[in-house]
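Read-outs: derived from the displayed coordinates by stated rules, not from any lab. All values reported here derive from a predicted model rather than from experimental measurement. Cβ sites come from the backbone with ideal geometry, for glycine too, and all protein chains shown count toward neighbours.
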Amino acid sequence: MIRKYKTKKKKANINLRFNVLTIFAYIIGIILIVKLFSLQIVHGAEYREQSNTRLTRESTLEASRGAILDKTGTPLVTSKMEFSLEMYKSKVDTDTLNTNILNMIELLEKHGCSYSDTFPIKIEPFEFTIENETLIKWKKTNNLEEDITAEQAFYKFKDKYKIKQTDLNQIRKIIVIRYLIAQKGYSSTRAVTIAEDIPREAVAEFSESSEKFSGINILVKPVRKYTGGNLASHILGYAGKINSEEYETRKNHYSQNDIIGKTGIEYVFEEYLKGKNGTKQIDMAVDGTTTAEYVSKEAVAGSDVVLTIDANLQKITENALATNIQKIASGGFGKAYNANAGAAVVMNVNSGEVLAMASYPDYNPADFIRRN
């Protein structure tokens, strides 16, 4: 009897647990159904409206490269922050897009900002800025007749982009950006750069009147600054945009828009100078107006590199080298020689440190900053 009683009690406990789990599962199911009903039926229209009027885009926060200093801490290479203007595709009609582009260009010109202009037709008078085989290829690429004139081609593009403005200068400004967009390509998640190094005053106006400029975004990016001009150029080298070959071998650590050391210290110490990019989220309405933005991942700057070079001694050495080469070439030492290049090194004989290392002729690394 005792065993039978225990067996019945055990079965009762099992049944109780099963019933509790069943009830619990029903409760969770009811809660989920109610929540789903609320999301899709009660608030469905509201959430759909929010989804249709808001886009989230991800923008890269470029990390600042580390500085290069001389032995006394004097900066030879630094990174300065500058503003760039980029544009995303937005859901606006053609007339609004053209008007917004015109507003954007006129604001840039108001502040003396240059912008990307690769459209090969000038006005007043009409003429092509390219010729020969390049012009023939361009006409073919753009489905234009081989004997078409610059003026006829200009108005072909005006019709193509459905531009209603009548002023020739305004028409060309709109064509320039529409042509740039067509060449570079852009989307709601991929921007095209319109202008670089724009002043804070222009940034403020763009921010205050964002409704007039559909799809624009102001990007803060570091740009390499070579503080001494040509000073120590052969030592420092230069950095530039990564090319396709470099990207293929380093795609795990670089993006296609990253800056990478090309020569000199910039190249040798690349792994230390390079920082880690961050990420910024941008919320935009479908008409391209920015509604919110926030940093989701902070950028980390690269490490500084300190050289044994003394900047003052380097300058003296370079000047002395250039002066003597020119003097040799002009016969200043008695007989003229075909001297057009040379090098000089100054070392600390006790430690072997290189205090100055000059090479002639030199160059300005800043000339390579904006080259692709």
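Observations on the model:
- The stretch 78-177 - percent relative contact order, Cα under 8 Å, separation 6 or more: 34
- Per-residue 3J(HN,Hα) values for the stretch 253-264, derived from phi via the Karplus relation 6.51 cos²θ - 1.76 cosθ + 1.60 with θ = phi - 60°, read 10, 10, 9, 6, 10, 6, 9, 9, x, 9, 9, x Hz in sequence order (x marks Gly and Pro).
- Maximal additional length on extending the SER188-ILE30 stretch stands at 53.0 nm, based on 0.36 nm per residue less the C-alpha distance.
- Using C-alpha pairs under 8 Å with a sequence gap of at least 6, the mean separation divided by the residue count of the chain gives a relative contact order of 25 percent.
- Tilt relative to the chain, helix 311-330 - C-alpha long axis, 0 to 90 degrees, to 10: 40
- Computed from the C-beta positions of THR166 and GLU145 and an R0 of 22 Å, the FRET efficiency is 0.30 to the nearest 0.05.
- Counting neighbouring Cβ atoms within 10 Å and putting the fewest first, the residues ILE31, ILE242, ILE218 line up as ILE31, ILE218, ILE242.
- Stretch in the chain that is longest and holds no GluC sites (Glu not before Pro) that DSSP places in a loop and that have at most 15 other beta carbons within 10 Å: 147-297
- If both residues of a DSSP beta bridge must be in the chain, then about 95% of such bridges are antiparallel.
- Packing rank of 114-121, 250-257, where each peptide gets the mean count of other beta carbons within 10 Å, highest leading: 114-121, 250-257
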